[in-house]
Amino acid sequence: MVAHGVNTPPPANDCVLDYANVAWVLLCTSLTLNMILGLAFFHAGQLRAKNTQAVIIKKFGAVPVLCLLWIMIGYSLCFGRTTGLFGNFEHLMLSGVSHVKCDPWQNSIPGALHALFQMMVAALAPLLVSGAYAERVKWKGFLSFTLLWEMLVYYPVLHNVWGGGWLYHMKVVDYAGGVVINTTAGVAALVTALYVGPRKDFHKYNGDFPPSNLPLAASGAGMIWVGWMGLIGGPGFSANEITVMAIVNSQIACYSSASTWLLLTVVGAVLRKQETMSLSIVPVINGAVAGLAGVTPCCAYISMQCSLGLGVVFGILSYSSASLLQYRYHVDDALDVFCVHGVTGMAGTIILGLFADKSLNPALEHSGLFVHYSIDAWRFLGLQVMAVVLVAAYSAAVTLLLFVLINRILQGGIRFTPQEEAIGLDRLEHHGAYHGLQRSVCIDEISMKVERGLPAMVEGMVEKYVDEAAERLLKLASQMQGPGSENKMKTVRWGGARRASMTPLDAAGAELPLQHANLEQAVLVKYMQLSQGLEVAEGATSMRCVLIFKLHHLT
């Protein structure tokens, strides 16, 4: 990371430890780690409950492995003396990195603290990529790809932008990760989503899979939101006015982008002539993250008024690109990583060449083209564009190569089959699903069986709720059947547990078909409304059946 745009390490004799700066960078390091862990909840809450544990373990499990990799070779390959694409091996296992003496790159904090902060940042990028191919890739494929991508994409890009490589000496400016983090991870996310392919039933839901737990997602987003202050506040490695400017600008862009997403969501609902306005927390948290990602490379070089306008730009770019990829091109980027992080990060890096203001940060060599028109400003803009294009192309090529090789080498490939996806990754790889965070209906099982013209089954309510559920479903059946016959609900014993059939019965006990044009949608919506407060398991093989609702498909 470049401290205020300075592109040369300070002379060794300028080393004076500043303990206020030390305390500040320690705080920023803690905030950045908290952001990484919040990413697990942010992703898990937006995905389906049958994959909750799989999503969380991929984040929490990868962090210590990535950190060990950084300690063993990462810091040296990134900040050792350049040998071309990588640094040399002088700092293997952090040899020569002191917790007492100044770091050669930052003249007011110990070298060990610099390495620790950069380690937190290094763990973030590959975990962002995993959000694009979530719910489809096996654990062994995920871990293999994550470690190789970290070494072959993130390390060389970091070295060349921040650690003394080619782009570093070309004076490319990236304050906190627009190129190093967001461009590399965003482009890799798009490539992996295209290679792995869409999830089962992607077209059925038009990509809008129902989130499992919005409070969990919002909690994770809050951790990211707060943690991003550490990611933005740490790169200067100083508690000074430039750091204040960077954090303030990042928050302004965040609020502006979140408001833009919310407004675009409302406008979209109006244009689609929806009868009821149904707002979700998802646009707000995605918009907030998009604003933070976009302003990351330029927040220490622009005015507050500029950051306000750029937040709107980042919101529009991320929202429109996400809609285009999902609805027009049917790309299943599960968590919109390319649009929320990649598109905005690349845009923010290029915009730096337009709106950077040398009067706000004297460490800049040149102002942007729209601030001070000159040949040097054109050169500055060209360098920023070149950096984005080269890094994006490099990340895309290496990511594709890694996925192809891993898919061929691993027995059984890198992806689960559609049938395995329907069961859920928690059951397949993590010894059982976790259902404590949500109340859900087995929509995937229903969809699969309804498509085959078979009775759809939803199971999992605890036995003490059987009588209450049967009464509610009797009312539901009566509403859907309409007047004219008396619908009854029968409850029988099966396998040591009660069984309630939702099929309406006439006076003689014969089953009556449920007459409805869209049985699956109507019954599920009404059932979910009626069953608030009742725990419902998610998979058809999740637990011993204690209550079954039989829904007949109209053929």
field: Cross-chain or 6+ apart pairs with Cβ under 7 Å, region 391-414 first and closer than 21 Å to GLY342 by Cβ, then in a loop (DSSP other than H, G, I, E, B)
entry: PHE403/ILE414
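Quick check: anything in region 150-157 closer than 28 Å to GLY207 by Cα and crowded, with 22+ Cβ neighbours inside 10 Å?
No, region 150-157 contains no residue that is closer than 28 Å to GLY207 by Cα and crowded, with 22+ Cβ neighbours inside 10 Å.
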query: When region 87-110 is examined, which residues are found to be crowded, with 23+ Cβ neighbours inside 10 Å and either in contact with a Lys or Arg (Cβ under 9 Å, 6 or more places away or on another chain) or part of a helix (DSSP H, G or I) (or both)?
result: GLY87
message: Residue under question is LEU77, and the condition is that it be at pLDDT 95 or above, of a type in the set (A, V, I, L, M, F, W, C), in contact with a His (Cβ under 7 Å, 6 or more places away or on another chain) and not in a loop (DSSP other than H, G, I, E, B); does it hold?
response: yes
message: Looking at GLN411 and the list (1) open to solvent by 60 Å² or more (accessible area, probe 1.4 Å); (2) in a helix (DSSP H, G or I), which single condition is not satisfied?
response: (2)
task: Taking LEU127 as meeting all but one of (1) in contact (Cβ under 8 Å) with a residue 24 or more places away in the chain; (2) assigned to a helix (DSSP H, G or I); (3) open to solvent by 20 Å² or more (accessible area, probe 1.4 Å), write down the number of the exception.
output: (3)
- request: Determine whether VAL161 is touching a Ser or Thr at 6+ places or on another chain (Cβ under 7 Å) and closer than 28 Å to ILE242 by Cα.
  value: no
Residue within region 20-28 that is open to solvent by 30 Å² or more (accessible area, probe 1.4 Å) and at pLDDT below 95 present: yes
message: Need the failing condition index for GLY268 against (1) in a helix (DSSP H, G or I); (2) open to solvent by less than 30 Å² (accessible area, probe 1.4 Å); (3) under 17 Å from GLY348 (Cβ atoms), just the number.
response: (3)
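State whether one or more residues within region 309-320 are buried (at least 19 other Cβ atoms within 10 Å of the Cβ), modelled with pLDDT under 95 and not acidic (Asp, Glu). Spell out how you get there, then give the answer.
First, the residues of region 309-320 that are buried (at least 19 other Cβ atoms within 10 Å of the Cβ): 310-311, 313-315, 317-319.
Subsequent filtering for residues that are modelled with pLDDT under 95 retains none.
Within region 309-320 (the criterion being buried (at least 19 other Cβ atoms within 10 Å of the Cβ), modelled with pLDDT under 95 and not acidic (Asp, Glu)), the answer is no, since none of the residues qualifies.
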LEU167 open to solvent by 40 Å² or more (accessible area, probe 1.4 Å), out of contact with any strand residue (DSSP E or B) (no Cβ under 7 Å at 6 or more places or on another chain) and assigned to a helix (DSSP H, G or I): no
- prompt: When TYR154 is evaluated against the numbered criteria (1) free of Cβ contacts under 8 Å to residues at least 40 places away in the same chain; (2) over 14 Å from TYR394 (Cα atoms); (3) under 18 Å from the mean Cα position of the chain (by Cα), which criterion, by number, is the only one it fails?
  reply: (2)
- request: Inspect region 281-294 for any residue being surrounded by fewer than 20 Cβ atoms within 10 Å (Cβ to Cβ) and either of a type outside the set (A, V, I, L, M) or more than 22 Å from GLY38 (Cβ to Cβ) (or both) and give the result as yes or no.
  value: no
- prompt: How do the pairs read when you match residues in region 332-350 that are closer than 24 Å to TRP378 by Cβ and in contact (Cβ under 8 Å) with a residue 24 or more places away in the chain with residues anywhere that are assigned to a loop (DSSP other than H, G, I, E, B) and of a type in the set (Ser, Thr, Tyr), using Cβ under 7 Å and keeping only pairs 6 or more apart or on different chains?
  reply: GLY345/THR296; GLY348/THR296
field: Counted residues, region 367-408 - those being in contact with a Leu (Cβ under 7 Å, 6 or more places away or on another chain) and either closer than 26 Å to TRP166 by Cβ or assigned to a helix (DSSP H, G or I) (or both)
entry: 9
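Let's see how each residue does on (1) in contact (Cβ under 8 Å) with a residue 40 or more places away in the chain; (2) under 26 Å from GLY164 (Cβ atoms):
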site: VAL16; (1), (2): yes, yes
site: ASN21; (1), (2): yes, yes
site: ALA40; (1), (2): yes, no
site: GLY45; (1), (2): yes, no
site: ASN51; (1), (2): yes, no
site: LYS58; (1), (2): yes, no
site: LEU69; (1), (2): yes, yes
site: PHE89; (1), (2): no, yes
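The values are calculated or read from the model by the stated rules, or taken from the named source; none is laboratory data. Just so we're clear, the structure is a prediction, and the values are computed from it rather than from any experiment. When we count neighbours, we look across all protein chains shown, and the Cβ atoms used for this are built from the backbone with ideal geometry, even at glycine. Just so you know, the surface numbers come from the protein's heavy atoms only, side chains and all, with ligands and any DNA or RNA stripped out. Shrake-Rupley method; radii C 1.70, N 1.55, O 1.52, S 1.80 Å.
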